[in-house]
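Enquirer: Could you have a look at this structure, given as structure tokens, before my questions?
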Amino acid sequence: MKSYHDIAGDGGSRIAEQVEAGREKIARALSGVRHRVAIGSGKGGVGKSTLTRALASALTARGLTVAILDADLNGPTQARMSGLAGAVPVPGPEGLALPRSSDGVRVFSIGEMVPESQALEFASVAAGDAHTWRATKEFAVLGELLGSIAWGRLDVLLFDLPPGAERTAQFVDFLGAETTLVLVTIPSDVSRGVVARSAAAVSKSPCRVAGYVQNMSGYLCPDCGEVKPLFPESDGVPLDLPLLGRVPFDPALASACDRGEPFASRPIAEVADRLVAFLETPR
Amino acid sequence: MKFLCVPCDKPMTMMSVSPPDRGSLSVVYGCPDCGYEMAMLTNAHETQMVSSLGVKVGSPKAVEAGASKCPFSAMIAPKAEETANGVRWTAEASARMDSVPEFVRPMARSGIEKFAEESGYREIDLKVLDEARARFGM
């Protein structure tokens with residue numbers, strides 16, 4: 001009796017063919033993108049999205065063309081932080097065109113279209129069992145987006161990843177070997193531990209890890225301008241990764257994000273410098 | 001997934017795909033040699049798993065016939081060519097929306113209709129789409 005591999009084709013379902021066609025469409029759409037950079041952590045609440053937005057501004061200030069894909073479909077924040085809530089993507093002759101923030105960063109975020117008072121829902125014939133299919137659906141949606149958006153010529157496409165060590169590894173796997181990962185932590189051992197776990201989870205991936213950013217690394221006092229400790233400094237959890245920079249907690253940055261205004265600071269500019277240097281290093 | 005006619009030792013070919021009925025997909029296969037036909041009937045979980053891949057089961061003809069549902073349909077009411085507010089879409093503008101991923105389309109349409117209303121347009125054509133792109137900094 002014949003086995004599966006004795007039979008050519010896929011039995012008429014065309015599923016494998018469609019999956020391959022989807023991959024080719026993504027490759028075509030991203031062909032003008034020089035660098036794909038995923039900003040992840042594993043740990044939630046460490047400032048991945050804020051740092052992504054601030055890095056986009058810092059890279060744009062260097063004359064680079066930058067776009068952001070908010071891959072956190074369930075907790076999108078880039079629309080608000082970019083001042084683009086309600087600015088929907090509009091189809092043009094070349095594909096889906098993205099709204100542009102005041103500092104010139106093109107942004108796709110579900111938050112542009114779904115008000116913050118609503119949760120993201122997918123209609124399903126298997127209602128009540130979303131845990132079995134939801135992650136697959138979300139990656140299919142991201143794939144369709146990547147292939148449909150007119151990215152054009154871009155120096156850097158930033159991906160703002162959702163939290164979760166395993167999710168970080170899944171996204172890096174999904175985005176492909178051309179992707180560079182930047183991990184974000186805060187100084188606490190709890191956070192560093194999760195980030196170490198994320199680094200371990202992606203260690204078998206062919207993607208490059210540029211290093212990590214220590215966010216909320218002290219508190220920038222608006223009165224005296226000094227950086228004061230916010231967390232107890234600890235080297236209890238070693239991170240065997242290059243440190244791209246320490247970014248102090250800055251109320252002005254938090255406020256700018258809430259208002260959807262660009263923000264620049266020296267610590268973030270230094271992170272951007274080191275990231276660019278890493279990206280320009282041959283693989 | 002492939003099906004084999006065991007008596008003939010021949011791969012069966014897909015004959016037809018019926019649209020999902022209460023979450024179940026009916027796919028009919030036949031043996032090209034003996035003509036025996038069988039149907040694969042999926043449960044809702046199996047249907048949803050395949051649907052979640054963003055693919056449509058079957059031949060290109062079957063795929064065109066069986067358009068999948070928008071996963072956001074629970075959130076946004078379906079739109080006709082003329083909206084509740086009386087804004088119309090020209091065929092060209094509507095066709096351009098086909099390039100928008102299916103799950104984003106209803107939301108993008110709503111946003112563009114809102115822009116048209118606010119701008120005093122009663123009809124959305126390619127020129128209005130271009131204006132919307134300019135308005136949103138594209």
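Bear in mind that the values in this text are calculations on the coordinates, not laboratory data. Bear in mind the structure is a predicted one, so any value in this text is a computation, not a measurement. Every residue, glycine among them, receives a Cβ derived from its backbone with ideal geometry; neighbour counts consider all protein chains shown.
Enquirer: Of A:ASP223, A:ASP160, A:ASP173, which is the most mobile in a GNM of chain A whose springs link Cα atoms less than 10 angstrom apart?
Expert: Among A:ASP223, A:ASP160, A:ASP173, the largest GNM mean-square fluctuation belongs to A:ASP223.
Enquirer: Under a 5 Å amide H to amide H cut-off, with H placed in plane at 1.01 Å, what residues pair with A:ASN215 once short-range neighbours are removed?
Expert: Here the answer is A:THR185, A:ILE186, A:VAL247, since their amide H atoms fall under 5 Å of that of A:ASN215.
Enquirer: Set the Förster distance to 51 Å, then compute FRET efficiency between A:LEU230 and A:SER203 from the Cβ-Cβ distance, nearest 0.05. Could the numbers behind the result be given before it?
Expert: On the way: r = 29 Å, r/R0 = 0.58.
Taking R0 as 51 Å, the efficiency between A:LEU230 and A:SER203 is 0.95.
Enquirer: While we're looking at this one, here's another question. Specify, per residue and in Å³, the volume enclosed by the convex hull of the alpha carbon atoms belonging to region A:187-283. Can you show the working numbers first?
Expert: On the way: hull volume 11.9 nm³, N = 97.
Once divided by residue count, the hull of region A:187-283 is 123 Å³.
Enquirer: Among A:ILE15, A:ILE68, A:ILE110, what is the fewest-to-most ranking by other Cβ atoms within 10 Å? Walk me through the intermediate numbers first.
Expert: Working: A:ILE15 17, A:ILE68 27, A:ILE110 22.
So the ranking, lowest neighbour count to highest, is A:ILE15, A:ILE110, A:ILE68.
Enquirer: Something else now. Out of residues 5 or more away from A:LEU181 or on other chains, whose amide H comes under 5 Å of its own, with H placed 1.01 Å from N in the peptide plane?
Expert: A:ALA38, A:ARG208, A:VAL209, A:ALA210
Enquirer: If you don't mind, another one. Considering only C-alpha atoms, what is the centroid distance from region A:96-132 to region A:1-73, in Å?
Expert: That distance is 16 Å.
Enquirer: Same structure, new question: Over its Cα atoms, what ratio of radius of gyration to 2.2 N^0.38 Å does chain A give?
Expert: Details: Rg = 19.8 Å, N = 283, 2.2 N^0.38 = 18.8 Å.
Compared with the compact-globule rule of thumb, chain A sits at 1.06.
Enquirer: Could you check the spin-label model distance between A:ASP10 and A:ALA277? Points 7 Å from the Cα along Cα→Cβ, value in nm.
Expert: Result for the modelled spin labels: 4.6 nm.
Enquirer: Put a dot 7 Å past each Cα toward the Cβ at B:ARG135 and B:MET1; how far apart are the dots in nm?
Expert: With each label point 7 Å from Cα toward Cβ, the separation is 4.6 nm.
Enquirer: Under a point spin-label approximation (7 Å from Cα along Cα-to-Cβ), what is the A:ARG246-B:GLU37 distance to one decimal in nm?
Expert: Distance between label points: 7.4 nm.
Enquirer: Of A:GLU178, B:GLU131, how do they rank once you tally other Cβ atoms within 10 Å and put the fewest first?
Expert: Arranged by neighbour count, lowest to highest, A:GLU178, B:GLU131 become A:GLU178, B:GLU131.
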